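Participant: The structure is given below, and queries will be raised subsequently.
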Amino acid sequence: MEKPVYILAIESSCDDTSASVICDAKVLSNVVANQDVHSKYGGVVPELASRAHQQNIVPVVQQAIEQANIKKEDLSAIAFTRGPGLMGSLLVGTSFAKSLALGLQVPLIDVNHMQAHILAHFIDEEGTKKPPFPFICLTISGGHTQIVKISNHFEMEILGETIDDAVGEAFDKSAKILGLPYPGGPLIDKNAKLGNPKAYSFTKPKVGDLDFSFSGLKTGILYFIQKQQRINPNFIEENLNDICASIQYTIVEILMDKLKNAVKQTGIKHIAIAGGVSANSEIRNRLLLAEKHFGWTTYIPKFEYTTDNAAMIAITGYLKYLNNEYSDISVTAKARLKVTE
């Protein structure tokens with residue numbers, strides 16, 4: 001009998017401190033501590049984020065090990081997010097992971113946060129199917145929007161990406177224009193369910209077949225709202241659901257157009273989504289419709305594996321562990337890291 005592989009993973013790339021233990025590819029625990037301190041600033045404040053990570057990391061790791069019902073001596077390796085992310089936040093996780101690996105005398109494994117979002121699809125979870133290679137993944141989050149072709153676990157190619165804002169920013173900044181609190185993306189989704197998606201039309205940006213641009217759309221929404229408010233100061237309050245539905249419809253249309261182009265160019269019909277914005281209900285609905293209309297097979301992760309979480313770091317660490325891909329203790333955090341690095 002082969003000994004089970006237990007990986008403890010730490011994720012601290014932005015404003016959530018998370019720790020997870022997996023046994024082989026099954027998640028035993030996935031603990032996330034959210035930071036509420038940022039909501040009053042309308043965005044993440046890096047200095048406050050790194051301080052909160054320092055407060056949260058020990059209890060979160062302790063909880064993850066307890067929930068997994070193992071002892072820290074059972075761990076086979078420690079995985080952590082090396083990047084991309086906020087430097088101060090990454091440093092907290094990196095330093096902690098190094099110390100723990102040294103103390104327990106187990107291998108250290110550095111993980112690329114963007115690869116981890118994609119590889120979350122390989123967590124052993126009842127009722128979810130794993131995509132076969134090659135597949136296309138639409139990675140959408142607050143900081144990233146890209147279409148990636150995945151030929152095997154660690155062979156990835158960026159087919160298209162955003163040239164300015166990421167899709168998460170487009171949602172959050174549109175919400176800010178409407179006076180909704182941060183983070184506004186989920187609130188747009190919630191209000192959109194009650195509105196008419198065709199109530200207002202916004203211009204789709206003209207960029208390459210597989211690239212994205214959201215800054216022009218955001219400006220268009222701002223000018224539209226300002227113009228309407230000059231006519232009717234209560235425009236937002238009276239039409240909030242319709243505005244949210246129209247904004248969401250436009251953003252999801254842009255994403256779907258690019259995915260259709262990617263399928264046309266590659267001939268690959270296995271489509272996955274990853275990243276925090278993949279929790280959006282309209283994107284999920286449209287992907288399921290695409291299975292019927294275009295004959296795609298779509299792969300949609302469980303909600304808890306879409307936002308920043310350590311389970312996705314753990315599964316990536318596990319796949320690297322199987323390849324004996326360990327890190328040297330001199331490894332450093334890197335704020336900017338491409339999905340292909």
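Participant: Just one of the numbered conditions (1) at pLDDT 95 or above; (2) open to solvent by 40 Å² or more (accessible area, probe 1.4 Å); (3) closer than 23 Å to Gln146 by Cα is not true of Asp172; which one?
Facilitator: (1)
Participant: Here's a follow-up. For the stretch 286-312, give me each residue that is under 15 Å from the mean Cα position of the chain (by Cα) and open to solvent by 40 Å² or more (accessible area, probe 1.4 Å).
Facilitator: Correct list: Ile300, Lys302, Phe303, Glu304, Thr307.
Participant: More than 23 Å from Tyr305 (Cβ to Cβ), at pLDDT 95 or above and among the polar types (S, T, N, Q), is that true of Asn152?
Facilitator: Criteria not met by Asn152.
Participant: State yes or no: is Ile273 assigned to a strand (DSSP E or B), over 18 Å from Lys173 (Cα atoms) and of a type outside the set (Gly, Ala, Ser)?
Facilitator: Taking the combined requirement at face value, the residue satisfies it.
Participant: Could I ask something else about it? So, in the stretch 211-243, exactly how many residues are assigned to a helix (DSSP H, G or I), touching a residue at least 24 places away in the same chain (Cβ under 8 Å) and of a type in the set (Asp, Glu)?
Facilitator: 1
Participant: Give the stretch 148-169 a look and list any residue that's part of a strand (DSSP E or B), open to solvent by 50 Å² or more (accessible area, probe 1.4 Å) and under 17 Å from Pro205 (Cβ atoms), or say none.
Facilitator: Glu161
Participant: Another question, if that's okay. All but one of (1) surrounded by fewer than 23 Cβ atoms within 10 Å (Cβ to Cβ); (2) on the phi < 0 side of the Ramachandran plot hold for Val31; state the number of the condition that does not hold.
Facilitator: (1)
Participant: Do the conditions hold for Ala19, that is, is it open to solvent by less than 40 Å² (accessible area, probe 1.4 Å) and part of a helix (DSSP H, G or I)?
Facilitator: The answer is no for Ala19.
Participant: Could we say that Pro233 is within 26 Å of the chain's Cα centre (by Cα) and on the phi < 0 side of the Ramachandran plot here?
Facilitator: So Pro233 does not fit the description; no.
Participant: So in the stretch 289-305, with the set limited to residues that are of a type outside the set (Gly, Ala, Ser) and not in a helix (DSSP H, G or I), which one is nearest to Leu119 (Cα to Cα)?
Facilitator: Pro301
Participant: Do we find that Ile236 is surrounded by 15 or more Cβ atoms within 10 Å (Cβ to Cβ) and in contact with a strand residue (DSSP E or B) (Cβ under 9 Å, 6 or more places away or on another chain) in this structure?
Facilitator: It is false that Ile236 is surrounded by 15 or more Cβ atoms within 10 Å (Cβ to Cβ) and in contact with a strand residue (DSSP E or B) (Cβ under 9 Å, 6 or more places away or on another chain).
Participant: Here is a follow-up. Surrounded by 15 or more Cβ atoms within 10 Å (Cβ to Cβ) and either in contact with a strand residue (DSSP E or B) (Cβ under 6 Å, 6 or more places away or on another chain) or part of a loop (DSSP other than H, G, I, E, B) (or both), is that true of Val263?
Facilitator: So Val263 fails the test.
Participant: Across the stretch 266-281, what is the number of residues that are polar (S, T, N, Q), surrounded by 24 or more Cβ atoms within 10 Å (Cβ to Cβ) and in contact with a strand residue (DSSP E or B) (Cβ under 7 Å, 6 or more places away or on another chain)?
Facilitator: Matching residues across the stretch 266-281 total 1.
Participant: Please indicate, with yes or no, whether at least one residue in the stretch 192-202 is modelled with pLDDT of 95 or more, outside any loop (DSSP other than H, G, I, E, B) and open to solvent by 10 Å² or more (accessible area, probe 1.4 Å).
Facilitator: Within the stretch 192-202, one or more residues are modelled with pLDDT of 95 or more, outside any loop (DSSP other than H, G, I, E, B) and open to solvent by 10 Å² or more (accessible area, probe 1.4 Å).
Participant: Okay, moving on. Tell me which of these Ile315 doesn't satisfy, since it passes every other one: (1) open to solvent by 70 Å² or more (accessible area, probe 1.4 Å); (2) in contact (Cβ under 8 Å) with a residue 60 or more places away in the chain.
Facilitator: In the conditions (1) open to solvent by 70 Å² or more (accessible area, probe 1.4 Å); (2) in contact (Cβ under 8 Å) with a residue 60 or more places away in the chain, Ile315 misses (1) alone.
Participant: Determine which member of the set Ile225, Ile236, Ile247 is modelled with pLDDT of 95 or more and closer than 17 Å to Glu169 by Cα.
Facilitator: Within the list Ile225, Ile236, Ile247, the selection yields Ile247.
Participant: Given Ile268, Ile251, which one is closer than 30 Å to Glu157 by Cα and not in a helix (DSSP H, G or I)?
Facilitator: Ile268
Participant: Filter the stretch 203-219 for residues that are open to solvent by less than 50 Å² (accessible area, probe 1.4 Å) and farther than 24 Å from Cys137 by Cβ; which is farthest from the chain's Cα centre (by Cα)?
Facilitator: Gly216
Participant: Within the stretch 232-247, does at least one residue satisfy the condition of being within 27 Å of Asp209 (Cα to Cα), polar (S, T, N, Q) and touching an Asp or Glu at 6+ places or on another chain (Cβ under 7 Å)?
Facilitator: no
The values are calculated or read from the model by the stated rules, or taken from the named source; none is laboratory data. Keep in mind that this is a model prediction, so the values were computed, not measured. Heads up, the Cβs are rebuilt from the backbone with ideal geometry, glycines too, and the neighbour counts pull from every protein chain shown. SASA here: full protein model, heavy atoms, side chains in, ligands and nucleic acids out. Shrake-Rupley method; radii C 1.70, N 1.55, O 1.52, S 1.80 Å.
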